[in-house]
Amino acid sequence: MGTMTERLQPRNTPELVDAIRSAVAARTPLEIMSRGTKRGLGRPLRCDRILDLSALSGIDLYEPEELVMTAAAGTPLAEIGDALAERRQQLAFEPPDLGPLLGAGAGQATIGGIFACNLSGSRRIKAGAARDHLLGFTAVSGRGEEFRAGGRVVKNVTGYDLPKLLTGSYGTLAAMASVTFKVLPAPETTRTLLLRGLDDASAIDALSRAAGSPFEVAGAAHLPAGPAARVLDGLAPAVGAATALRLEGFGPSVASRGGGLTALLSPFGEVELLDDDRSAVFWRRIRDVEPFVGDDRIVWRLSVPPADGAEAVAALGGGWEHYYDWGGGLIWIAAGIEAAGPDAGASRVRAAVSATSGHATLIRAPAEIRAAVDVFQPPAGALAALSRRVKRSFDPEGVLNPGRMYAADLDE
């Protein structure tokens, strides 16, 4: 992007409305961002104007007894995390910090960006996705119209469909000014049970048995030897593959469930334990994809039925490093640019998931590759037509993040 890019930085919702109305009148597309940690996620944009939401910052309302918070979209996750920690509460969907993976700074992610991209960590298997925690928002559409949806009360379902629609739309439908979301108590105790040396198929069998048990698993991951060594660095001996299950809650409950889960997993080998502090580091490293941080490899994120995870990885062929989260349903894979091939491995990756009901997203690649390859799984048929109608309804002039998700949006 050249040096002539104009940066608009609204300080409140009326200024945000004015900025978008100005873009609509001039038919000038806007790149929506805050601190830019996820700027490399999605297709690259060519916009002469940046709509910078970072000045829309601050916690507007926090009611710990009601388990609800409202914050401006540009509020750093770190600020929200600190406020919640003071009351021993948390964002239960465990939002990841992908800044370092995408070549940006750590600790700069904002709450609006997390909901815009629907990013969730390992606890998703228990707590649900980011979109399940968004209660309401204030936003400005591509028509330059302010609108609100949802409310502050957890049981209030008015307008619930709009929060779910905007979550994961990557700023292509509206610019969120503020968000209201659920918070939950942080667990008193956390323990991680580790199995060693399992192959992928055996590990996913173990994870599936644990997930189907009554022991309330809050994290289920499998790391082959390479990723395991990086995630376990300084936490436990790096001895081959590691299969991990997390238990959370009150101390006696965790101890009791840990005993039951250890007995259930006895056919797979001896179980090691990670305590609270080491568990926190372990799951943060998995959440933030740290095994693939610090290099320039192509990175994909595959979502598949857990039972098909090992088969999907085998179908990729050689040259890929991988690990599993969400009990085998989320697979992170990485390969060097040459090994991946000129299409960043898109043909192989999508063929590998095509036999399942899953999908694949290109997370990290040079801009020229992201411009040429489908970053997101292309919608087909009726779904594609519906997607275009929704985009036209919210943003008829195509001024909000044009082409961020699909190249077809540029042709409308």
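The values are calculated or read from the model by the stated rules, or taken from the named source; none is laboratory data. These numbers come from a predicted model, not from an experiment. Here Cβ is always computed from backbone atoms with ideal geometry, including for glycine, and neighbour counts include all displayed protein chains. Keep in mind that these areas ignore ligands, DNA and RNA; they rest on the heavy atoms of the full protein, side chains included. Shrake-Rupley method; radii C 1.70, N 1.55, O 1.52, S 1.80 Å.
Dipole check for region 233-378: with +1 at the C-beta of Lys and Arg, -1 at the C-beta of Asp and Glu, and the Cα centre as origin, the magnitude is about 320 Debye.
Classify region 257-338 as rounded, prolate or oblate, taking a ≥ b ≥ c as the square roots of the eigenvalues of its Cα gyration tensor: rounded when a/c is under 1.5, otherwise prolate if a/b is larger than b/c and oblate if not.
Numbers: a/c = 2.62, a/b = 1.51, b/c = 1.74.
Judged from the Cα gyration tensor, region 257-338 comes out oblate (a/c at least 1.5, b/c at or above a/b).
Taking a point 7 Å out from the Cα of residue 129 in the direction of its Cβ, the residues of region 307-328 whose backbone N falls within less than 15 Å of it are 326. Summed over the residues of region 111-218 and divided among them, the accessible surface reaches 36 Å² per residue at a probe radius of 1.4 Å. The residues neighbouring residue 359, those whose beta-carbon lies less than 10 Å from its own, together hold a net charge of +2 under the Lys/Arg +1, Asp/Glu -1 convention. Dividing the convex hull volume of the alpha-carbon atoms in region 293-412 by its residue count gives 122 Å³ per residue.
The equivalent ellipsoid that matches the C-alpha gyration tensor of region 19-161 spans semi-axes of 26, 20, 14 angstrom, in descending order.
How much net charge surrounds residue 172 when only the other residues with a Cβ under 10 Å from the Cβ of residue 172 are counted, with Lys and Arg +1 and Asp and Glu -1? Value of the local net charge: 0.
Would you please classify the overall shape of region 81-156 from the alpha carbon gyration tensor, given that a ≥ b ≥ c denote the square roots of the eigenvalues, rounded means a/c under 1.5, and beyond that prolate means a/b larger than b/c while oblate covers the rest?
Working: a/c = 1.79, a/b = 1.20, b/c = 1.49.
Cα axes put region 81-156 in the oblate bin.
The residues of region 306-412 expose on average 42 square angstrom of accessible surface per residue, using a 1.4 Å probe on protein heavy atoms.
Residue 82 to residue 12: FRET efficiency via 1/(1 + (r/R0)^6), r the Cβ-Cβ distance, R0 22 Å, to the nearest 0.05? That pair, residue 82 with residue 12, gives E of 0.40. Along its first, second and third principal axes, ordered by size, the chain spans 66, 53, 39 Å in Cα coordinates.
Among 338, 63, 86, the sequence by solvent-accessible area, most first, with a 1.4 Å probe is 338, 86, 63. Annotated for the chain: lysine pairs at least 8 residues apart or interchain, Cα distance under 25 Å, count 10. About its Cα centre, the chain has a charge dipole of approximately 700 debye under the convention of +1 per Lys or Arg Cβ and -1 per Asp or Glu Cβ, with nothing else charged. Taking 7 Å steps out from each Cα toward its Cβ at residue 48 and residue 201 produces label points 5.9 nm apart.
Would you calculate a helix-derived [θ] at 222 nm for the chain, using -39,500 (n - 2.57) for each DSSP H run of n ≥ 4 and dividing by the full residue count, to the nearest 500? List each step's numbers first, then the result.
Working: 14 runs with 127 residues, N = 412.
Computed ellipticity for the chain at 222 nm equals -8500 deg cm²/dmol.
Computed over region 129-263, the Cα gyration tensor eigenvalues convert (square root of 5λ each) into semi-axes of 39, 19, 13 Å, ordered from largest to smallest.
What does the C-alpha gyration tensor say about the overall shape of region 231-275? Classify as rounded when a/c is under 1.5, otherwise prolate if a/b is larger than b/c, or oblate. Here region 231-275 falls in the oblate category. Think of region 248-396 as having a plus end and a minus end, set by charges on the Cβ of Lys, Arg, Asp and Glu; of 309, 358, 386, 386 sits farthest toward the positive end of this dipole.
How do 233, 132, 374 stack up against each other in accessible area, from largest to smallest, with a 1.4 angstrom probe? Present the calculation step by step, with values, prior to reporting the outcome.
On the way: 233 100, 132 55, 374 80 Å².
The ranking, largest first, comes out as 233, 374, 132.
Once Rh for region 161-207 is found with the Kirkwood sum over Cα pairs, what is the Stokes-Einstein diffusion coefficient at 4 °C and 1.567 mPa s, in µm²/s?
Translational D for this selection: 83 µm²/s.
Using a probe radius of 1.4 angstrom, the carbon and sulfur fraction of the accessible surface of the chain is 52%.
So, with +1 on the Cβ of K and R and -1 on the Cβ of D and E, and no other charges, what is the size of the charge dipole of region 206-272 about its Cα centre, to the nearest 20 debye? Mind dumping the intermediate values first?
Details: 4 positive and 5 negative charges, 24 e Å.
The dipole magnitude comes to about 120 debye.
Computed from the C-beta positions of residue 307 and residue 361 and an R0 of 22 Å, the FRET efficiency is 0.60 to the nearest 0.05. Counted by Cβ distance under 10 Å from residue 21, the other residues give a net charge of -1, where Lys and Arg count +1 and Asp and Glu count -1.
Compared with the dominant Cα axis of the chain, that is its longest principal axis, helix 381-394 is turned about 50°. Of the residues 74, 8, 56, the one whose Cα sits farthest towards the positive end of the charge dipole of region 1-79 is 8 (charges of +1 on Lys and Arg Cβ, -1 on Asp and Glu Cβ, taken about the Cα centre).
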